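Peer 1: Attaching a single structure in structure tokens format; questions to follow.
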Amino acid sequence: MEKQSESTSCAGLLGQEQSKSMEKGRQGKHKLSICSKICYAIGGAPYQITGCALGFFLQIYLLDVVQMAPFYASIILFTGRVWDAITDPLVGFFVSKSNWTGFGRLMPWIILSTPFAVITYFLVWFVPGFTSGHTSGQILWYLTFYCLFQTLVTCFHVPYSALTMFISKEQSDRDSATGYRMTVEVLGTVLGTAIQGQIVGKVEDSCVTNSFQNQSLESVNESPQDLESLTSMRHAYMIAAGVICAIYVLCAIVLSLGVQERRDSCELLTDQPISFWQGLKLVMSHGPYIKLITGFLFTSLAFMLLEGNFALFLKYTLQHRKHFQNILLVIMISATLTVPFWQWFLTRFGKKTAVYFGISSVIPFLIVAGVVQINLIVTYVVAIAAGLSVAAAFLLPWSMLPDVIDDFVLKNPESPGHEAIFFSFYVFFTKFASGVSLGISTLSLDFAGYKTGTCEQPGSVDLTLKLLVCAAPIVMIFIGLLLFKLYPIDEEKRKENKKALQLIRDSDRDSDSDSMELASQVV
């Protein structure tokens, strides 16, 4: 009896020591270092750098460098963006079905997609000689490689976004890593604008009096200076693409070597109580989510129209041909510097208030730009104001979506694990809307009589650019803000939801503690 008692006591002590050891392991084993967080954050740069370069410069590149008619450019821009929207849920589905490998479940997607992504990205900015004079060949070339790149960069970014859940068990680590990531992604938008704009901007943009449409460079009876300028411009775009490709590869290497994907960090996420389609139906029937994405759909459309057409507006309507790349850079620098301000503002005054003030702050400046022929100094002021609103539009959707998810969890406690649906379909709708806006805006330029390769455009083109950059965004911002009046989660409701969720978590934690204590007593 004495030996049995001693044995039981030893077993109890051993169980307590093992419990302490496991608890220390849970606290320390998955604790992310600052180095790992930085390496993880760097992985977010390629998507933002390439996206910003394409968003600001692809339209003007197709029209003025490739010398493509606006109608055909609109086909490429619309199809590419819509295809990009479709690939997000498709890639997400295939990633979720992936098996674990020696490199992890998500990392193989990132590693294998990178070399093909940089090749297709470079070819988007390459003008092949064999397509000169063949419109169908040009359309096929750029549509193929634009869609291929969008697919491959999605194969990088969707697993990268999901990687957040697999880098640590600790929520604090995940939140901290996400903070690092958002900082790098905002800097990535500046870097993409700076690299593309400054390299291209160094080339003298000599005006061409006639279009090169449907003709090869060698067959055009233009001055050697015009031919040399166009050739130099095409080389500049390829150099910028090469630099961005090198950064893309470097970021992928840092991410793959500096971040370890942990299978045990997401054990609970594999338990899906209902199917994907049932979850999608539940999410799409959640009123606050529909009202939020509808409001942001219109405000996002406003800023997408600005992004896609602002370079042309600066170049032709405001006649700042030699400064447009610097003005675009000022917008992104202003956005980067004001993100912390909006972060403070939304915590101090509430997220709905931040939406109203942040997104509407650009309206007076757009009115001035559309009505008055402003000089260069005033244009830079407008750019700074636009950056202020861009920062709010960039930050607020990702800040408000978690509030909607919390509200959904409280109303549907029996159906957890649908966070990916909320985020992926918000991205899907915004990308689809982006494709529609770019397609319609480029098609509008075609109807207005846009002439490729010329220094000046007809008055109808100037009017169309003013409508696309000033009038249409203002209307869409007003519609979006009116829809936000219907959004039900204000600060009071958000705090109530947060408190209710915390009570549930505390109750679950107490239940787990009681179970562990009971198990320890049994041992």
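Peer 1: Obtain the nm distance between the two label points defined at residue 455 and residue 498 by a simple spin-label model: each point lies 7 Å from its Cα along the Cα-to-C-beta direction.
Peer 2: It is 5.8 nm.
Peer 1: Follow-up question, since we're still on this one. What accessible area per residue comes out for the stretch 64-161, rounded to a whole number of Å², with a 1.4 Å probe? Don't skip to the answer; put the middle values down first.
Peer 2: Values: 3900 Å² over 98 residues.
Dividing the accessible area of the stretch 64-161 by its residue count gives 40 Å².
Peer 1: Here is a further query. What ranking do 176-183, 392-399 get when scored by the average of other Cβ atoms within 10 Å per residue, highest first? Could you put the intermediate results ahead of the total?
Peer 2: Details: 176-183: 18.0, 392-399: 21.2.
Ranked by mean Cβ neighbours within 10 Å, highest first: 392-399, 176-183.
Peer 1: Here is a follow-up. How long are the semi-axes of the equivalent ellipsoid of the stretch 308-418, defined as square roots of 5 times the Cα gyration tensor eigenvalues? Whole Å, largest first.
Peer 2: Whole-Å semi-axes of the equivalent ellipsoid: 36, 14, 12.
Peer 1: State the volume of the convex hull built on the alpha-carbon positions of the stretch 285-361, expressed per residue in Å³ and rounded to an integer.
Peer 2: 101
Peer 1: Considering the zone a paramagnetic label at residue 344 would reach in this model (a point 7 Å from Cα along the Cα-to-Cβ line), which residues of the stretch 184-201 have amide N under 17 Å from it?
Peer 2: Hits in the stretch 184-201 for residue 344 at 17 Å: none.
Peer 1: Got a number for carbon plus sulfur as a percent of the stretch 343-444's accessible area, 1.4 Å probe?
Peer 2: On the way: 3090 of 4090 Å².
Result for the stretch 343-444: 75 percent of the exposed heavy-atom area is carbon or sulfur.
Peer 1: Related question: Per-residue accessible area for residue 322 at 1.4 Å probe radius, Å² rounded to 10?
Peer 2: 140
Peer 1: Continuing with this model, one more query. Within the accessible area of the stretch 21-126, what % is carbon and sulfur when the probe is 1.4 Å and the other protein chains stay in place? Before the final figure, lay out each step's value.
Peer 2: On the way: 3090 of 4240 Å².
Carbon and sulfur: 73 percent of the exposed surface of the stretch 21-126.
The values are calculated or read from the model by the stated rules, or taken from the named source; none is laboratory data. Source: prediction; values computed, not measured. Reconstructed Cβ throughout: ideal geometry from the backbone, glycine too, with neighbour counts over all protein chains shown. Note: areas computed on protein heavy atoms with side chains; ligands, DNA, RNA excluded. Shrake-Rupley method; radii C 1.70, N 1.55, O 1.52, S 1.80 Å.
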